[in-house]
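Below: the structure, in structure tokens.
The values are calculated or read from the model by the stated rules, or taken from the named source; none is laboratory data. Remember, predicted model here, so these are calculated numbers, not experimental data. Note that each Cβ is placed from the backbone with ideal geometry, even for glycine, and that neighbours are counted across all protein chains shown. Ligands, DNA and RNA are stripped out before the accessible areas are found, and what is left, the full protein with its side chains, is counted by its heavy atoms. Shrake-Rupley method; radii C 1.70, N 1.55, O 1.52, S 1.80 Å.
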Amino acid sequence: MKKISIITVCYNSAGTICRTFNSVLGQSYPNIEYWVIDGRSSDGTIDVIKEYEPKFKGKMHWISEEDHGIYDAMNKGYLLSTGDVIAFFNDKFLLDNAVEMMVAAIEETQSDGAHADLIYATGTKVKRYWKMGTGKIRCGWMPGHPTLYLKREIYETYGLYHPEYKCSADFEFMVRVLKDD
């Protein structure tokens, strides 16, 4: 059974991170390693992390230190993780078997990764439903980065996120990885 490393990066997220923690705790897939990379929050986020840590029964690991932005924090999470498949996650899974479905998709297709539909919502109001489908980067198609699950060897082959891209390193990373597909 593949180990999945779910990585949450956060900074001053005390008001929202419980939703993320509960969503990860609710997943049916049993072999999850969970990393929380905090940017030295000052709003009580660390207290929330400490409150939830025992609920993960040894599967949650975390650090809190200054970083150089979200992509630096994501890279730290990857470097600390040990999973066969890596996923970055900061919100709420729609289904309790979402991770299980992603692992099954990777295994059934014998691919290097998988992605899913993405719903942007405020409360219960859907702002955008991003239906993934398939396509090619060179034709303008792009998967939703928050739903991307990739095998570790993809990062080993293509490298990590470039933190100098302050708001688009995820886009650049996906183009780098998927451009030849």
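Here are some notes:
- Hits in the range 1-55 - residues which are among the aliphatic types (A, V, I, L, M) and closer than 16 Å to Ala73 by Cβ: Ile6, Ile7, Val9, Ile17, Val36, Ile37, Ile46, Ile49
- From the options Ala73, Ala104, residue that is surrounded by 12 or more Cβ atoms within 10 Å (Cβ to Cβ), over 16 Å from the mean Cα position of the chain (by Cα) and assigned to a helix (DSSP H, G or I): Ala104
- Residues (assigned to a helix (DSSP H, G or I) and either open to solvent by 50 Å² or more (accessible area, probe 1.4 Å) or polar (S, T, N, Q) (or both)) located in the range 107-155: Glu107, Glu108, Thr109, Arg138, Cys139, Pro146, Thr147, Glu153
Residues are listed down the side, and each one gets a yes or a no for (1) closer than 27 Å to Glu66 by Cβ; (2) without any contact (Cβ under 8 Å) to a residue 60 or more places away in the chain; (3) touching a helix residue (DSSP H, G or I) at 6+ places or on another chain (Cβ under 8 Å):
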{"position": "Glu108", "(1), (2), (3)": "no, yes, no"}
{"position": "His115", "(1), (2), (3)": "no, yes, yes"}
{"position": "Gly123", "(1), (2), (3)": "no, yes, no"}
{"position": "Tyr129", "(1), (2), (3)": "no, yes, no"}
{"position": "Ala169", "(1), (2), (3)": "yes, no, yes"}
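- Identity of the residue in the range 141-153, closer than 13 Å to Met174 by Cβ and free of Cβ contacts under 8 Å to residues at least 60 places away in the same chain, that ends up farthest from the chain's Cα centre (by Cα): Trp141
- So Val36, is it surrounded by 19 or more Cβ atoms within 10 Å (Cβ to Cβ) and not in a helix (DSSP H, G or I): yes
- Pairs meeting the criteria (first residue in the range 57-84 and touching a residue at least 12 places away in the same chain (Cβ under 8 Å), second residue among the basic types (Lys, Arg) and assigned to a strand (DSSP E or B), beta carbons under 8 Å, at least 6 apart or on different chains) are Asp84/Lys151.
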